[in-house]
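Everything on this sheet refers to the single structure shown next.
Bear in mind that the values in this text are calculations on the coordinates, not laboratory data. No experiment lies behind these values; they were computed from the predicted model shown. Neighbour counts are summed over all protein chains in view; Cβ atoms, including those assigned to glycine, are modelled from backbone coordinates with ideal geometry.
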C-alpha cells in the first residue's frame, strides 16, 4: 500500500472538511515548533521540528489530493517562486 493509498483512506474515512481542518491544526503545530526552537538557546529540540514538518508534509499531500492539484502544476508554481526568490536575493 502506497502513501497515496493511505492518504485516500484517511480522506474517505474522516472526510474532506476534517482533513482540511487537520491540515490547519498541523500547520499551527509547526508554527509553535518554529517559535519554540527560535526562542531556545542552541535551537532547542530539532527532533520536534522535524516531526511537525513531516506531519505538515503529509497533510499537504492530502490537500493536493482533495483539491485535485496535479504535482506538475504545484512543481511549476514552486519553480516560479524559487525564481522570484532568486531575483530578490540579487
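Using R0 = 25 Å, the C-beta based FRET efficiency linking residue 69 and residue 12 works out to 0.85. In terms of other Cβ atoms within 10 Å, 56, 16, 46 run from fewest to most in the order 46, 16, 56.
How big is the gap, in Å, between the Cα center of the stretch 55-72 and the Cα center of the stretch 1-23? Spelled out, the Cα-based centre of one part sits 10 Å from the other.
On a per residue basis, the convex hull of the C-alpha atoms belonging to the stretch 3-89 measures out at 118 Å³. Indicate the gyration tensor shape class of the stretch 1-54 (rounded, prolate or oblate), computed on the Cα atoms with a ≥ b ≥ c the square roots of the eigenvalues: a/c under 1.5 is rounded; otherwise a/b larger than b/c is prolate and the rest oblate. Judged from the Cα gyration tensor, the stretch 1-54 comes out oblate (a/c at least 1.5, b/c at or above a/b).
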